[in-house]
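A quick write-up on the structure given underneath.
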Amino acid sequence: MVASATAIDSFTPELTIREASNALGVSQKTVRRYLTEGSLIARNAAPLSSARAMWRIPLDAIQAMRSSYTVQGKLPRAAAPSSPRVLPYTPKHIKPR
């Protein structure tokens, strides 16, 4: 049986959690948290008899999340102290003048 052209055209590429984490530059645990909080959508591609979920995330959702990232440049560093912190220490074998 040959699939119709409309069925092939409507196919949306999907990524696994590992592939999504690589695409987003975050850990797999973070991708799972995004799924739990609803920031990403996914479908369970596991067979009904499986006890383990096989999440598939649409590529469109990954691209939308990537485009929503905003980079404000480098984070500002804390100001350096005006004088270095030096603790007064005099070795016992040196006599003060």
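Values quoted throughout were computed directly from the atomic coordinates according to the rules given, and no laboratory measurement underlies them. It should be emphasised that the depicted structure is a prediction, and the values quoted were computed from it without experimental measurement. A quick note on method: Cβ atoms are made from the backbone with ideal geometry, for glycine too, and the neighbour counts reach across all protein chains shown.
Points to keep in mind about this one:
- Model label sites at Asp60 and Ala45, defined 7 Å from Cα along the beta-carbon direction, differ in position by 1.7 nm.
- For the range 27-35, 3J(HN,Hα) computed residue by residue from phi via the Karplus equation (6.51, -1.76, 1.60; θ = phi - 60°) reads 7, 5, 5, 5, 4, 4, 5, 4, 5 Hz, glycine and proline entered as x.
- Net length gained if the chain between Arg18 and Thr30 were fully extended (0.36 nm per residue, minus Cα distance): 3.3 nm
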